[in-house]
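Coordinate-derived values only; no laboratory data. Bear in mind that the values here come from a model prediction, so they are computed numbers and not experimental data. As a convention, Cβ positions derive from the backbone with ideal geometry for all residues, glycine included, and neighbour counts pool all protein chains shown.
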Amino acid sequence: MKVRINKNYLELVKGDITDLEVDAIVNAANSSLKLGGGVAGAIRRKGGRIIQDE
């Protein structure tokens, strides 16, 4: 689904966020910035230890 809002586009995609070819992924983190479970855990598992280290 892709919609235009003023001069911008918003696109919703159903799937695995770690399979997308994007410049960046913005994800909520806990106060310790540890990537535990959920989306953060999936990002860490796919990207490896370097993702947590960064």
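Full extension of the chain between A29 and I43 gives 3.9 nm of extra length, using 0.36 nm per residue less the Cα-Cα distance.
Along the chain, the exposed loop sites are trypsin sites (Lys or Arg not before Pro) outside DSSP states H, G, I, E and B with at most 11 other Cβ atoms within 10 Å, and the longest stretch free of them is 35-54. Note on P(r) over Cα pairs in 10 Å bins from 0, in percent: of the candidates [x] 20, 46, 24, 11; [y] 21, 48, 28, 3; [z] 24, 46, 22, 7, 1, the value calculated from this structure sits at [x]. Cross-link partners of K46 among lysines, defined as those whose alpha carbon lies under 22 angstrom from its own and excluding same-chain residues fewer than eight positions apart: K14, K34. Note on I50 and V13: their simple-model spin labels are 2.1 nm apart, each label 7 Å out from Cα toward Cβ. With respect to the chain, whose longest principal axis is taken over its alpha-carbon atoms, helix 38-47 is tilted by about 70°.
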